[in-house]
Amino acid sequence: MREMRSDRLAAPFPPRRLRIERVRRSRVRQTSSVAVTVLLVVVATGPSDAAPPVNYDESKVPHYTLPDPLVCRDGTRITTPQQWRTKRRPEILELFRSEMYGRAPGRPPEMSFEVTGVGEAFGGRATRKLVTIHLASKHARVAIDVLLYVPRKRQGRVPAFVGLNFRGNHSISTDPEVPLCRSWMRPGPGVVDNRATEATRGVAASRWPVSTILDHGFALVTAYYGDIDPDYDDGFRNGVHALFPPPGGRRSPHDWGSIAAWAWGLSRIMDYLETDPDIDRRHVAVMGHSRLGKTALWAGANDERFALVISNDSGCGGAALSRREYGETVRRINTSFPHWFCDAFKRYNDRVQDLPFDQHMLIALIAPRPVYVASAVEDRWADPRGEFLAALHAEPVYRLFGKPGLGIDRWPPVDQPADSGFIGYHVRHGKHDVTAFDWRQYLKFAARHFAR
Ligand code: GCU
């Protein structure tokens, strides 16, 4: 039995439940003076578009109908991989580009790679490489510092994990030879005047088990996401956006936001990896957590050079279905992070049911390449169940290619990965984070797929 809830592909969208909700709310307003006071305070203090309370109640998830990944806008049903590749996949990609993440440019006019340092690390188990990607146009110059750890015990080229980090390359381990990141950084412990200090060296080490990754024969490649685009709303004037100012300075509602910029940066890192003699370019997995998990999925959807894609707790705008409106919603994400998506996405703030896609189709764009979606049971903001359902509903596209998907059709128990097919999934115990448990599954999944 497939999991049959309000996530049916073909069920009509019944507006009745929503009407009942509205009636209930207006009754509360009439009868409760507390509610009236709260309402007045909200009005008096400002936000005209106060979002409804966050929903964590499964019974309040609205009924919805998911668009069928295998039915084109003109009604054509896709029945062959060839049709998917030439017709439906480009159509879906273009819809995500124009309505959600925004359209990114191609390679920049000028790009060069500078190896600034090579040394030994991790007690001689790794070669550390420091590489700067220089990007330039006639409008701006941008430098992205890439850190690579390559296992020294190897025969020939090695497969790699590539992922952006939140706090600078120096934060992923205590390796003293990694230069302190000098780029703008969000406020946080050890960050002074938006710059990292030595106090932040190694602070993200628990999320990057470099030794274990090396022991499994993989290289680890990372860069600070703020080198690509600083994570604040500056009207898209800094970071890689500055390389490509829109004509006349006027952005279109479909121009790229920051997630698209970070994903574009991952592709530039892939450009470099294709030139690195130590890396097996056919076996590069892209991985990311949270907003960078959204980024990993979008990078993998756009750039088929990524042979495997991993989304760790990516939530709304990543692996979670938007139509469920559980935890973070489209309205909330567009309000808190107006620079992450293109402006056209804001049109769906209050009508997610009109989106011409949902996030199962983002996962489907990765087919037939292996993809792994991971959730954490306490990470309700990211809607763990909605992440599972998106993975489940991507399956028809994998089946079209003759590839097994999840191998299960119900949300699995906590800490029991479903990893036998081309779509991997787990919901682990604990909070929003990247843990040793998560990495154990990714290493196993990638080793199995890359061994083929
Ligand atoms: C916020 C945001 C999420 C995002 C997360 C993160 O919680 O609402 O969408 O995934 O930050 O990137 O850490």
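Is it true that ARG332 is outside any loop (DSSP other than H, G, I, E, B), touching a strand residue (DSSP E or B) at 6+ places or on another chain (Cβ under 8 Å) and either within 13 Å of the ligand (Cβ to nearest atom) or over 30 Å from HIS449 (Cα atoms) (or both)?
On the way: outside any loop (DSSP other than H, G, I, E, B): yes; touching a strand residue (DSSP E or B) at 6+ places or on another chain (Cβ under 8 Å): yes; either within 13 Å of the ligand (Cβ to nearest atom) or over 30 Å from HIS449 (Cα atoms) (or both): yes.
Yes, satisfied.
For residues in the stretch 250-285 being among the hydroxyl-bearing types (Ser, Thr, Tyr) and in a loop (DSSP other than H, G, I, E, B), which is nearest to the ligand (Cβ to nearest atom)?
SER252
All but one of (1) closer than 23 Å to ARG440 by Cβ; (2) away from the ligand (no atom under 15 Å from the Cβ); (3) assigned to a loop (DSSP other than H, G, I, E, B) hold for GLU304; state the number of the condition that does not hold.
(1)
If I filter the stretch 50-81 down to residues being surrounded by 11 or more Cβ atoms within 10 Å (Cβ to Cβ) and among the charged types (D, E, K, R), which single residue comes out as nearest to PRO384 (Cα to Cα)?
GLU58
Looking at LEU406, is it crowded, with 22+ Cβ neighbours inside 10 Å and in contact with a strand residue (DSSP E or B) (Cβ under 8 Å, 6 or more places away or on another chain)?
yes
Name, by its number, the condition in (1) within 14 Å of the ligand (Cβ to nearest atom); (2) part of a helix (DSSP H, G or I) that does not hold for GLY288.
That leaves (2) as the condition not met.
Please work out if GLY327 is more than 17 Å from ARG268 (Cβ to Cβ), within 12 Å of the ligand (Cβ to nearest atom) and outside any helix (DSSP H, G or I). Explain how you work it out, then say what you get.
Details: more than 17 Å from ARG268 (Cβ to Cβ): yes; within 12 Å of the ligand (Cβ to nearest atom): yes; outside any helix (DSSP H, G or I): yes.
The answer is yes for GLY327.
Can you name the number of the only condition in (1) buried (at least 17 other Cβ atoms within 10 Å of the Cβ); (2) over 28 Å from ASP215 (Cβ atoms) that ALA126 fails?
(2)
Output the qualifying pairs, or none if there are none: Cβ atoms under 8 angstrom, residues six or more apart or on different chains, first residue in the stretch 412-436 and surrounded by fewer than 20 Cβ atoms within 10 Å (Cβ to Cβ), second residue among the aliphatic types (A, V, I, L, M) and part of a loop (DSSP other than H, G, I, E, B).
Correct list of pairs: VAL414/VAL377; GLY421/LEU406; HIS429/VAL377; HIS429/VAL414; GLY430/VAL377.
Every number in this text was worked out from the coordinates using simple rules, so none of it is lab data. What you see is a predicted model, and the numbers here were worked out from it, not measured in a lab. Note: ideal-geometry Cβ built from the backbone for every residue, glycine included; neighbour counts use all protein chains shown.
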